[in-house]
Amino acid sequence: MNILILGSGGREYSIGLALKKENAHKLYFMPGNGATSDLGENIDIKDYHKLASFAKENKIDLTIVGPESPLVDGVVDIFKKENLVIFGPSKAAAQLEGSKAYMKNILKKYNIPTAGFIETSNKNEAYKFIDSMNNLPIVVKADGLCAGKGVIIAQSKEEAKQTVEDMLSGESFGEAGAKVVVEEFLDGYELSVFAICDGENYKVLPAAQDHKRVGDGDTGPNTGGMGAYAPTPLVDETIYKKIEERVIKPTLKGMQEEKAPFEGVLFIGVMVVKGEPIVLEYNVRFGDPECEILMPLIDSKVSELFYYGATKQLDKLDIKIKNKYAVGVVMASENYPYSSSAPTIISLSNIVDEELLNNSHISFAGVSRKDNKLMANGGRIAVCVGLGNSIKEARDRAYLLSSEINFDGKKFRNDIAYQALK
Ligand code: AMP
Ligand code: GLY
């Protein structure tokens, strides 16, 4: 197939790598990064209508959308109007991620377990709700897309009110904070669960755990994710079943009733509290770095998973998952997540250890090319992925691989997958 992938991160690289391994496709990336050009062709067409014309002219059989913003902007609707096959939710369905208020109202309407909340653009209403809350901390969220930064865990009612005020005034998140969600704090362990959906049918991938904070021991500010592993032993069949019955099925049914059937990746941020899965949030795309560890765990053709997902045929597909574990460790630049660092040259060693070579790989993210040299040019530069028969083996390989990629200011967490190895 001719396949077009939208996005430029490690997530899109890992999708490209999985497709490349099938040895059957021509890949295009828009815009891609300095390493995706080794997997296919990078193109630069930002206008979605022009991109759809490109897809027609170049006989693109399937388009896969990586990040949330093109989805929220409606790229899927534009492509579908041109009868192109594209994997991802419509603009309407992408509101599950585009608006936290929309998402919370869907959860409430279809009785899907989630934290008690209020959504409002009225300060006094938010204050009244905060005053009525019995427990601390209190969670305050900006309604719109904030690149993962729009959630504040307030330790007092005063702080919660101040946060509401800063959001509603537009001071902290601009338009995205014009509406807020105030909700109860959930105390448990967090999972990333991914369901590939075609509007009606779904396939659940192994549950992953992300590491959002920048520092070891979950310290420092939140990031896009510093590492992930899957499958997590913290999830057993009972929890998977509960997530399917109480969350995925009612969500798909609910979105059909809303006339916005959900196609694409439903990324369920779950907090497990006393054995009960509760939805923290939905995203409408793969997580990054979760995608980088899930792609190599899929034993079936990932092209089929995406294509069947995009053409309402998932019921015909039996997907196989390897009986292995994957651990991904993010190599970030010096100032991540505070500010960008100047581009520096990346040096890669030639891996000689056969076992490491066959059970690990690098997924490139914030990289560019200059004079044909690979440059570290972003916040998260690459993800070192290790596979193994145990989490420990996978983790050891990921860390072994991390010493083979070097650039000035390289930093990473040393404790990825600690939750599973305690
Ligand atoms: P979100 O963007 O909604 O996933 O929030 C970002 C992070 O904030 C989540 O991954 C959680 O770690 C945390 N968080 C969000 N909502 C809650 C909540 N109600 N209780 C506890 N932690 C939360
Ligand atoms: N790693 C979490 C996310 O992609 O949102």
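The values are calculated or read from the model by the stated rules, or taken from the named source; none is laboratory data. Predicted model, so just to flag it, every value in this text is computed and none were measured. With ideal geometry, Cβ positions are generated from the backbone for all residues, glycine too; neighbour counts draw on all protein chains shown. The protein model used for the area step is the full one, side chains on, heavy atoms only, and it has no ligands, DNA or RNA in it. Shrake-Rupley method; radii C 1.70, N 1.55, O 1.52, S 1.80 Å.
So what is the relative contact order of region 71-158, in percent, for Cα pairs below 8 Å that sit 6 or more residues apart?
This gives 21 percent for region 71-158.
Averaged over all directions, how much area does the convex hull of the C-alpha atoms of region 327-380 cover when projected, in nm²?
Dividing the Cα hull surface by four gives the mean projection, 4.5 nm².
So for the chain, taking the charge dipole from beta-carbon charges (+1 Lys/Arg, -1 Asp/Glu), which of Thr344, Tyr102, Ser363 sits furthest toward the positive end?
Tyr102
Using helices alone, what [θ] at 222 nm do you get for the chain, with -39,500 (n - 2.57) per DSSP H run of 4 or more residues, divided over all residues and rounded to the nearest 500?
-7500 deg cm²/dmol
Quick one: accessible surface of Arg380, probe radius 1.4 Å, all protein chains present, in square angstrom to the nearest 10.
Estimated to the nearest 10 Å², Arg380 gives 60 Å².
Ranked from highest to lowest mean number of other Cβ atoms within 10 Å per residue, what is the order of the peptides 291-301, 248-258?
So the order, starting with the most tightly packed, is 291-301, 248-258.
State log₁₀ I(q)/I(0) for region 233-361 at q = 0.12, 0.15 Å⁻¹ as given by the Debye formula over alpha-carbon point scatterers of equal weight, solvent excluded.
-0.71, -1.02
Based on alpha-carbon positions alone, could you give the equivalent ellipsoid semi-axes of region 176-239 from the gyration tensor, as √(5λ), descending, whole Å?
Three semi-axes, in Å: 24, 20, 13.
Restricting to Cα atoms and excluding each atom paired with itself, what does the Kirkwood estimate give for region 20-102 in Å?
Averaging 1/r across every pair of different Cα atoms and inverting gives 13.6 Å.
Give me the Kirkwood hydrodynamic radius of region 144-212 in Å, from all C-alpha pairs, to one decimal place?
14.7
Relative contact order for the chain: what is it in percent, counting Cα pairs under 8 Å that are at least 6 residues apart?
16
What's the tally of Lys pairs in region 114-244 whose alpha-carbon atoms lie under 13 angstrom apart, where the two lysines are 8 or more places apart or on different chains?
The result is 9.
Given a 1.4 Å probe and every protein chain left where it sits, what share in percent of the accessible area of the chain is carbon and sulfur?
On the chain, the fraction of accessible area on carbon and sulfur atoms equals 47 percent.
So if I take the centroid of the Cα atoms in region 86-131 and the same for region 144-170, what is the distance between those two points in Å?
Distance between centres, Cα-based: 15 Å.
Seen from all sides and averaged, what is the projected area of the convex hull of the Cα atoms in region 80-207, in nm²?
Mean orientational projected area (region 80-207, Cα hull): 9.7 nm².
What does the accessible area per residue of region 231-280 come to in Å², with a 1.4 Å probe and no ligands, DNA or RNA counted?
Ligands and nucleic acids excluded, the figure is 42 Å² per residue.
Enter the per residue convex hull volume of region 117-272, computed from alpha-carbon coordinates, in Å³ rounded to the nearest integer.
So the per-residue Cα hull volume is 139 Å³.
Quick one: accessible area per residue over region 33-141, 1.4 Å probe, rounded to a whole number of Å²?
Result: 45 Å² per residue.
Report the net charge of residues surrounding Met295, where surrounding means a beta-carbon distance below 15 angstrom and charges are Lys +1, Arg +1, Asp -1, Glu -1.
+2
Mind giving me the nanometre distance, one decimal, between the label points for Thr311 and Lys108, set 7 Å out from Cα along Cα→Cβ?
Taking the two extended label points, one gets 4.1 nm.
Taking only the alpha carbons of the chain, what extent do you get along each of the three principal axes, in Å, biggest first?
61, 47, 42
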